[in-house]
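Written out below as C-alpha coordinates is the structure these notes cover.
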(Lines give C-alpha, C1' and ligand atoms only; values in the text may rest on other atoms or scores of the structure.)
Protein backbone atom coordinates (compact mmCIF):
# COMPACT_ATOMS: atom_id res chain seq x y z
CA UNK A 1 0.00 0.00 0.00
CA UNK A 2 1.34 3.41 -0.99
CA UNK A 3 2.14 5.71 1.92
CA UNK A 4 0.66 9.18 1.93
CA UNK A 5 3.39 11.73 1.53
CA UNK A 6 3.17 14.97 3.49
CA UNK A 7 2.11 18.01 1.52
CA UNK A 8 5.19 19.81 0.15
CA UNK A 9 5.94 23.28 1.48
CA UNK A 10 4.48 26.10 -0.57
CA UNK A 11 7.89 27.60 -1.26
CA UNK A 12 10.16 24.85 -2.55
CA UNK A 13 12.58 24.96 -5.45
CA UNK A 14 12.48 22.35 -8.20
CA UNK A 15 15.60 20.56 -9.40
CA UNK A 16 15.17 22.28 -12.79
CA UNK A 17 15.28 25.74 -11.19
CA UNK A 18 18.04 24.79 -8.78
CA UNK A 19 20.27 23.65 -11.61
CA UNK A 20 20.28 27.22 -12.95
CA UNK A 21 22.26 28.49 -9.94
CA UNK A 22 24.67 25.56 -9.80
CA UNK A 23 27.13 23.84 -12.08
CA UNK A 24 25.08 20.66 -11.97
CA UNK A 25 22.49 19.12 -14.28
CA UNK A 26 19.02 18.08 -13.14
CA UNK A 27 20.05 14.44 -13.47
CA UNK A 28 23.20 15.11 -11.49
CA UNK A 29 21.25 16.83 -8.72
CA UNK A 30 18.80 13.94 -8.49
CA UNK A 31 21.70 11.52 -8.23
CA UNK A 32 23.47 13.65 -5.59
CA UNK A 33 20.47 13.97 -3.28
CA UNK A 34 18.86 10.61 -3.90
CA UNK A 35 15.21 10.07 -4.75
CA UNK A 36 14.18 9.44 -1.15
CA UNK A 37 15.39 12.90 -0.07
CA UNK A 38 13.57 14.80 -2.83
CA UNK A 39 9.89 15.75 -2.81
CA UNK A 40 7.51 14.93 -5.67
CA UNK A 41 5.74 18.01 -7.03
CA UNK A 42 2.81 18.49 -9.42
CA UNK A 43 3.50 18.07 -13.12
CA UNK A 44 6.14 15.39 -12.62
CA UNK A 45 8.62 17.86 -11.12
CA UNK A 46 10.81 17.21 -8.12
CA UNK A 47 11.54 19.61 -5.26
CA UNK A 48 14.60 20.10 -3.07
CA UNK A 49 13.92 20.73 0.65
CA UNK A 50 15.37 23.97 2.01
CA UNK A 51 17.90 22.25 4.27
CA UNK A 52 19.25 20.15 1.39
CA UNK A 53 19.51 23.20 -0.85
CA UNK A 54 21.58 24.85 1.87
CA UNK A 55 23.82 21.83 2.27
CA UNK A 56 24.53 21.66 -1.46
CA UNK A 57 25.10 25.38 -1.99
CA UNK A 58 27.35 25.61 1.04
CA UNK A 59 29.48 22.57 0.21
CA UNK A 60 29.52 22.65 -3.59
CA UNK A 61 29.12 26.34 -4.43
CA UNK A 62 30.70 28.00 -1.40
CA UNK A 63 27.62 30.11 -0.65
CA UNK A 64 28.00 32.20 2.50
CA UNK A 65 25.16 31.72 5.00
CA UNK A 66 26.48 34.15 7.56
CA UNK A 67 23.93 36.46 9.15
CA UNK A 68 22.82 39.56 7.27
CA UNK A 69 20.08 42.19 7.48
CA UNK A 70 18.58 43.64 4.31
CA UNK A 71 16.24 46.65 4.38
CA UNK A 72 14.11 47.85 1.48
CA UNK A 73 13.87 51.62 1.89
CA UNK A 74 12.54 54.52 -0.13
CA UNK A 75 10.88 57.66 1.18
CA UNK A 76 8.48 57.42 -1.77
CA UNK A 77 5.64 54.92 -1.71
CA UNK A 78 4.46 52.64 -4.50
CA UNK A 79 7.92 51.65 -5.73
CA UNK A 80 7.80 47.94 -4.84
CA UNK A 81 9.33 47.75 -1.35
CA UNK A 82 6.83 45.18 -0.07
CA UNK A 83 6.84 43.12 -3.27
CA UNK A 84 10.64 43.08 -3.19
CA UNK A 85 10.72 42.10 0.49
CA UNK A 86 8.29 39.20 0.28
CA UNK A 87 9.65 37.96 -3.06
CA UNK A 88 13.20 38.01 -1.73
CA UNK A 89 12.18 36.20 1.45
CA UNK A 90 10.37 33.36 -0.28
CA UNK A 91 13.18 32.80 -2.77
CA UNK A 92 15.85 32.96 -0.07
CA UNK A 93 14.18 30.22 1.96
CA UNK A 94 14.14 28.05 -1.15
CA UNK A 95 17.91 28.53 -1.30
CA UNK A 96 18.26 27.40 2.31
CA UNK A 97 18.31 30.68 4.24
CA UNK A 98 16.41 30.68 7.51
CA UNK A 99 14.56 33.93 7.00
CA UNK A 100 12.50 36.39 9.01
CA UNK A 101 10.55 39.35 7.70
CA UNK A 102 10.21 42.36 9.97
CA UNK A 103 7.12 44.23 8.83
CA UNK A 104 7.78 47.77 10.05
CA UNK A 105 5.14 49.49 7.92
CA UNK A 106 2.02 50.34 9.91
CA UNK A 107 -0.03 49.56 6.80
CA UNK A 108 1.02 45.92 7.25
CA UNK A 109 1.19 45.12 3.53
CA UNK A 110 3.73 42.32 3.95
CA UNK A 111 1.62 40.79 6.73
CA UNK A 112 -1.47 40.99 4.56
CA UNK A 113 0.33 39.39 1.62
CA UNK A 114 0.84 36.20 3.66
CA UNK A 115 -2.55 36.41 5.39
CA UNK A 116 -0.69 37.03 8.66
CA UNK A 117 -2.51 40.14 9.87
CA UNK A 118 -2.13 40.21 13.68
CA UNK A 119 -5.05 40.01 16.06
CA UNK A 120 -5.60 42.89 18.46
CA UNK A 121 -3.60 41.23 21.24
CA UNK A 122 -0.80 39.84 19.03
CA UNK A 123 2.59 41.49 19.73
CA UNK A 124 4.16 43.52 16.92
CA UNK A 125 7.50 45.34 16.68
CA UNK A 126 6.43 48.26 18.84
CA UNK A 127 5.58 45.76 21.62
CA UNK A 128 8.71 43.61 21.51
CA UNK A 129 11.66 45.90 20.76
CA UNK A 130 12.31 46.85 24.38
CA UNK A 131 12.44 43.22 25.52
CA UNK A 132 13.16 41.08 22.45
CA UNK A 133 14.94 38.37 24.42
CA UNK A 134 11.71 37.36 26.13
CA UNK A 135 9.04 38.43 23.65
CA UNK A 136 10.35 38.14 20.08
CA UNK A 137 10.43 34.44 19.31
CA UNK A 138 6.92 33.83 20.64
CA UNK A 139 5.63 36.75 18.58
CA UNK A 140 6.83 35.46 15.20
CA UNK A 141 4.30 33.86 12.87
CA UNK A 142 5.47 30.89 10.80
CA UNK A 143 4.73 31.06 7.08
CA UNK A 144 6.42 27.70 6.62
CA UNK A 145 9.47 25.97 8.06
CA UNK A 146 12.43 28.40 8.12
CA UNK A 147 10.28 31.34 6.99
CA UNK A 148 8.74 33.64 9.59
CA UNK A 149 7.27 37.12 9.89
CA UNK A 150 6.87 39.62 12.70
CA UNK A 151 3.61 41.16 11.50
CA UNK A 152 2.61 44.80 11.67
CA UNK A 153 -0.48 46.87 12.35
CA UNK A 154 -1.41 50.52 12.72
CA UNK A 155 0.03 50.49 16.25
CA UNK A 156 3.54 50.48 14.76
CA UNK A 157 2.84 54.10 13.91
CA UNK A 158 3.51 54.75 17.61
CA UNK A 159 7.20 54.03 17.04
CA UNK A 160 7.75 57.70 16.24
CA UNK A 161 6.94 58.36 19.89
CA UNK A 162 8.50 55.32 21.58
CA UNK A 163 11.77 55.64 19.62
CA UNK A 164 12.20 59.36 20.20
CA UNK A 165 15.51 58.77 22.01
CA UNK A 166 18.50 58.55 19.59
CA UNK A 167 19.95 55.60 21.50
CA UNK A 168 16.67 53.73 21.02
CA UNK A 169 16.67 54.56 17.32
CA UNK A 170 20.17 53.15 16.97
CA UNK A 171 19.53 49.93 18.87
CA UNK A 172 15.83 48.96 18.56
CA UNK A 173 16.00 47.02 15.28
CA UNK A 174 19.57 45.92 16.02
CA UNK A 175 18.44 44.34 19.28
CA UNK A 176 15.68 42.40 17.56
CA UNK A 177 18.08 41.24 14.84
CA UNK A 178 20.61 40.09 17.46
CA UNK A 179 17.98 37.79 18.97
CA UNK A 180 17.10 36.40 15.54
CA UNK A 181 20.77 35.69 14.85
CA UNK A 182 21.10 33.93 18.22
CA UNK A 183 18.15 31.74 17.24
CA UNK A 184 19.73 30.51 14.03
CA UNK A 185 18.35 32.90 11.44
CA UNK A 186 20.60 33.72 8.49
CA UNK A 187 18.60 36.51 6.94
CA UNK A 188 16.37 39.33 8.16
CA UNK A 189 14.36 41.34 5.63
CA UNK A 190 12.87 44.66 6.71
CA UNK A 191 9.87 46.17 4.93
CA UNK A 192 10.01 49.87 5.80
CA UNK A 193 7.28 52.52 5.57
CA UNK A 194 7.59 55.28 2.94
CA UNK A 195 8.75 57.96 5.35
CA UNK A 196 11.73 59.01 7.42
CA UNK A 197 10.27 58.16 10.78
CA UNK A 198 12.15 56.60 13.66
CA UNK A 199 11.36 53.07 12.45
CA UNK A 200 13.23 53.71 9.20
CA UNK A 201 16.14 55.36 11.03
CA UNK A 202 16.42 52.29 13.27
CA UNK A 203 16.25 49.95 10.27
CA UNK A 204 19.04 51.90 8.55
CA UNK A 205 21.19 51.56 11.69
CA UNK A 206 20.69 47.76 11.71
CA UNK A 207 21.01 46.96 8.01
CA UNK A 208 24.10 45.44 6.44
CA UNK A 209 22.51 45.86 3.00
CA UNK A 210 20.11 48.64 1.99
CA UNK A 211 18.23 48.28 -1.27
CA UNK A 212 16.32 51.24 -2.66
CA UNK A 213 13.55 50.13 -5.04
CA UNK A 214 12.44 52.81 -7.47
CA UNK A 215 10.38 53.35 -10.61
CA UNK A 216 11.04 55.54 -13.64
CA UNK A 217 9.00 58.65 -12.82
CA UNK A 218 10.54 61.95 -11.69
CA UNK A 219 9.06 61.56 -8.19
CA UNK A 220 10.97 58.31 -7.78
CA UNK A 221 14.22 60.09 -8.66
CA UNK A 222 13.43 62.73 -6.06
CA UNK A 223 12.70 59.99 -3.53
CA UNK A 224 15.95 58.24 -4.44
CA UNK A 225 18.02 61.40 -3.90
CA UNK A 226 16.35 62.16 -0.57
CA UNK A 227 16.72 58.56 0.60
CA UNK A 228 20.42 58.40 -0.28
CA UNK A 229 21.10 61.72 1.46
CA UNK A 230 19.26 60.61 4.60
CA UNK A 231 21.06 57.27 4.72
CA UNK A 232 24.46 58.98 4.60
CA UNK A 233 23.36 61.58 7.17
CA UNK A 234 22.16 58.90 9.59
CA UNK A 235 25.41 56.96 9.29
CA UNK A 236 27.41 60.09 9.96
CA UNK A 237 25.24 61.08 12.92
CA UNK A 238 25.52 57.66 14.57
CA UNK A 239 29.16 57.13 13.46
CA UNK A 240 28.38 53.83 11.77
CA UNK A 241 30.14 52.03 8.96
CA UNK A 242 28.23 52.50 5.73
CA UNK A 243 26.35 49.39 4.55
CA UNK A 244 26.20 48.04 1.04
CA UNK A 245 23.73 50.26 -0.83
CA UNK A 246 22.04 49.11 -4.04
CA UNK A 247 19.32 50.50 -6.29
CA UNK A 248 16.68 48.15 -7.71
CA UNK A 249 14.77 49.48 -10.72
CA UNK A 250 11.22 48.09 -10.52
CA UNK A 251 8.19 48.17 -12.83
CA UNK A 252 10.45 48.40 -15.87
CA UNK A 253 8.65 48.36 -19.21
CA UNK A 254 10.88 48.44 -22.28
CA UNK A 255 7.89 49.57 -24.37
CA UNK A 256 7.72 52.86 -22.48
CA UNK A 257 10.12 55.68 -23.22
CA UNK A 258 10.07 56.84 -19.60
CA UNK A 259 11.38 53.45 -18.42
CA UNK A 260 14.22 53.38 -20.91
CA UNK A 261 15.15 57.00 -20.20
CA UNK A 262 15.11 56.39 -16.45
CA UNK A 263 17.30 53.31 -16.73
CA UNK A 264 19.76 55.25 -18.87
CA UNK A 265 19.85 58.06 -16.29
CA UNK A 266 20.36 55.61 -13.42
CA UNK A 267 23.16 53.89 -15.32
CA UNK A 268 24.84 57.25 -15.81
CA UNK A 269 24.33 58.86 -12.40
CA UNK A 270 24.21 55.87 -10.03
CA UNK A 271 26.22 53.22 -11.85
CA UNK A 272 28.07 52.02 -8.73
CA UNK A 273 24.79 51.38 -6.89
CA UNK A 274 22.52 50.12 -9.66
CA UNK A 275 21.72 46.41 -9.72
CA UNK A 276 22.29 45.02 -13.23
CA UNK A 277 18.85 43.53 -13.90
CA UNK A 278 15.64 45.58 -13.50
CA UNK A 279 12.35 44.05 -12.40
CA UNK A 280 9.99 44.04 -15.36
CA UNK A 281 6.35 44.93 -14.96
CA UNK A 282 4.12 41.85 -14.79
CA UNK A 283 0.58 40.83 -13.88
CA UNK A 284 2.07 37.84 -12.05
CA UNK A 285 2.64 39.95 -8.94
CA UNK A 286 -1.01 40.86 -8.50
CA UNK A 287 -2.07 37.28 -9.24
CA UNK A 288 0.26 36.01 -6.53
CA UNK A 289 -1.08 38.50 -3.98
CA UNK A 290 -4.63 37.39 -4.74
CA UNK A 291 -3.49 33.90 -3.70
CA UNK A 292 -1.88 35.20 -0.49
CA UNK A 293 1.66 34.55 -1.64
CA UNK A 294 4.46 35.51 -3.99
CA UNK A 295 5.50 34.57 -7.52
CA UNK A 296 7.72 31.82 -6.05
CA UNK A 297 4.69 29.84 -4.88
CA UNK A 298 4.11 28.62 -8.45
CA UNK A 299 6.25 26.11 -10.29
CA UNK A 300 5.91 27.50 -13.79
CA UNK A 301 8.63 29.73 -15.12
CA UNK A 302 7.68 33.42 -15.46
CA UNK A 303 9.56 36.63 -16.13
CA UNK A 304 8.55 37.86 -12.66
CA UNK A 305 10.25 34.85 -11.08
CA UNK A 306 13.29 35.17 -13.32
CA UNK A 307 13.83 38.83 -12.50
CA UNK A 308 13.52 38.46 -8.74
CA UNK A 309 15.58 35.28 -8.78
CA UNK A 310 18.43 37.16 -10.43
CA UNK A 311 18.09 39.94 -7.86
CA UNK A 312 18.20 37.45 -4.98
CA UNK A 313 21.18 35.61 -6.43
CA UNK A 314 23.04 38.89 -6.96
CA UNK A 315 22.63 39.93 -3.32
CA UNK A 316 23.22 36.50 -1.78
CA UNK A 317 26.19 35.60 -3.95
CA UNK A 318 24.65 32.77 -5.97
CA UNK A 319 26.25 33.34 -9.35
CA UNK A 320 24.48 30.73 -11.44
CA UNK A 321 25.47 29.31 -14.79
CA UNK A 322 25.02 32.60 -16.62
CA UNK A 323 25.39 36.23 -15.67
CA UNK A 324 21.73 36.74 -16.45
CA UNK A 325 19.69 38.92 -18.74
CA UNK A 326 21.13 42.33 -19.39
CA UNK A 327 18.89 45.19 -20.38
CA UNK A 328 20.38 47.46 -22.99
CA UNK A 329 19.27 51.03 -23.30
CA UNK A 330 19.39 52.91 -26.54
CA UNK A 331 19.42 56.66 -26.54
Handout entry: Residue that is nearest to residue 314 (Cα to Cα), among those in region 33-54 that are touching a residue at least 24 places away in the same chain (Cβ under 8 Å) and loosely packed, with under 14 Cβ neighbours inside 10 Å
Key = 51
Problem - Number of positions in region 195-230 that are part of a helix (DSSP H, G or I) and in contact with a helix residue (DSSP H, G or I) (Cβ under 6 Å, 6 or more places away or on another chain) - result: 8
Practice task
Considering each residue of region 127-168, count those that are under 17 Å from residue 198 (Cβ atoms), part of a helix (DSSP H, G or I) and touching a residue at least 40 places away in the same chain (Cβ under 8 Å), and give that number.
Solution key: 8
Handout entry: strands (runs of 3 or more DSSP E) contained entirely in region 1-111, each with at least 2 residues that are under 14 Å from the mean Cα position of the chain (by Cα)
Key = 68-72, 99-103
Exercise for the section: With respect to residue 289, determine if the residue is in a helix (DSSP H, G or I), modelled with pLDDT under 95, surrounded by 17 or more Cβ atoms within 10 Å (Cβ to Cβ) and touching a helix residue (DSSP H, G or I) at 6+ places or on another chain (Cβ under 9 Å). Expected result: yes
Fill in the blank from the handout: residue 122 meets each of (1) over 21 Å from the mean Cα position of the chain (by Cα); (2) part of a helix (DSSP H, G or I); (3) surrounded by fewer than 19 Cβ atoms within 10 Å (Cβ to Cβ) with one exception, condition (2)
Problem - Residue count, region 59-86 (criterion: farther than 19 Å from residue 246 by Cβ and at pLDDT 95 or above) - result: 1
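The values are calculated or read from the model by the stated rules, or taken from the named source; none is laboratory data. If you're wondering where the values come from, they're calculated on a predicted model, not measured in any experiment. Every residue, glycine as well, gets a Cβ built from its backbone with ideal geometry; the counts of neighbours run over all protein chains shown.
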